[in-house]
Structure formats: structure tokens, C-alpha cells
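Step one of this worksheet: look at the structure below.
No lab work stands behind these numbers, since they all come straight from the coordinates. Every value quoted in this text rests on a predicted model; they were computed, and no experiment measured them. Because the Cβ atoms are built from the backbone with ideal geometry, glycine has one as well, and the counts that use them run over all protein chains shown.
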Amino acid sequence: MTRPLRRFEVLLPLKFNDGQPVPDTLIADTILELFDQFGAVSSDTQTIRGQWGYAAEIYRDELVRVFVDTEDSDANIDFFVGYKEQLKLRFDQIDIWIATYPIEII
């Protein structure tokens, strides 16, 4: 019997909203923090492109997906709720997209 697990997917910007590139160190620091918190973290090497609107402004994003598979617990959900606010400040973003869903490892 496997324990309940949850995946947290974080989309981190590769560019600030003004189009300037995000320093690699900001992405690396985030990955290291997640590793320190959960003992494992993964990321995609492909660039995810998105477009969204806010306050009559259209934003085009280039993003990297970072994800953590961990215990499905209120404590881990609470961690990511708070961490999202830190990431919004770190990356100077209106929002940071974090998706979560239960997973089953076989």
C-alpha cells in the first residue's frame, strides 16, 4: 500500500514582466530551497510559453516548470501557499502559478 502523495508544479518566469531576463541564480536558489525542504525536486528543460491578461495588459511568459512530489498533507499545502508569496516578491511577479494534484506512484 502506498501513502498518499501530491505533486506541486511551480511555473517560474525566465523573464521579468518588463522583458528583462531573470538571473539564473534566482531559479537555482528556488530549486535548492525546494530540495532542502523536501529532499527532492525536478524541473523541465523545455521552455513553457504562455499568455495572460491583467488590468488591460497582455503578458507573454517564458517559464520553467519545477515540481515536487511529496506527502499529501495540510502542512505541505500550507508551505506552498506561503512560498508562493515569497516567489512573487523574488521574481517581481503579479502572480506565480502553482498547480497541485494527487498522484500515485507504482
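Considering only the stretch 96-106, state which residues are assigned to a loop (DSSP other than H, G, I, E, B) and surrounded by 12 or more Cβ atoms within 10 Å (Cβ to Cβ). Lay out the reasoning, then the answer.
First, pick out the residues of the stretch 96-106 that are assigned to a loop (DSSP other than H, G, I, E, B): 96, 104-106.
Hit for the stretch 96-106 is Ile96, nothing else.
Restricting attention to the stretch 34-55, which residues are touching a strand residue (DSSP E or B) at 6+ places or on another chain (Cβ under 9 Å) and among the charged types (D, E, K, R)?
Asp44, Arg49
Would you confirm whether or not the stretch 29-47 contains a residue that is in contact with a Lys or Arg (Cβ under 7 Å, 6 or more places away or on another chain), hydrophobic (A, V, I, L, M, F, W, C) and under 28 Å from Ile77 (Cβ atoms)?
no
Where the second residue is among the hydroxyl-bearing types (Ser, Thr, Tyr) and crowded, with 17+ Cβ neighbours inside 10 Å and the first is within 17 Å of Leu87 (Cβ to Cβ) and lies in the stretch 53-66, which pairs have Cβ atoms under 9 Å and are six or more apart or on separate chains?
Once the first residue is within 17 Å of Leu87 (Cβ to Cβ) and sits in the stretch 53-66, its partners that are among the hydroxyl-bearing types (Ser, Thr, Tyr) and crowded, with 17+ Cβ neighbours inside 10 Å give Val66/Thr30.
Please go through the stretch 1-22 and pick out each residue that is in a strand (DSSP E or B) and either in contact with a Cys (Cβ under 8 Å, 6 or more places away or on another chain) or of a type in the set (Phe, Trp, Tyr) (or both). Give the derivation first.
Just the residues of the stretch 1-22 that are in a strand (DSSP E or B), to begin with: 5-13, 15, 21.
The answer is Phe8, and nothing else.
Run down Ile31, Ile58 and say which single residue is assigned to a helix (DSSP H, G or I) and touching a strand residue (DSSP E or B) at 6+ places or on another chain (Cβ under 9 Å). I'd like the intermediate steps shown before the answer.
Values: Ile58 fails: assigned to a helix (DSSP H, G or I).
After ruling out the rest, the residue left standing is Ile31.
Does Val10 count as β-branched (Val, Ile, Thr) and exposed (fewer than 15 other Cβ atoms within 10 Å of the Cβ)?
No, not satisfied.
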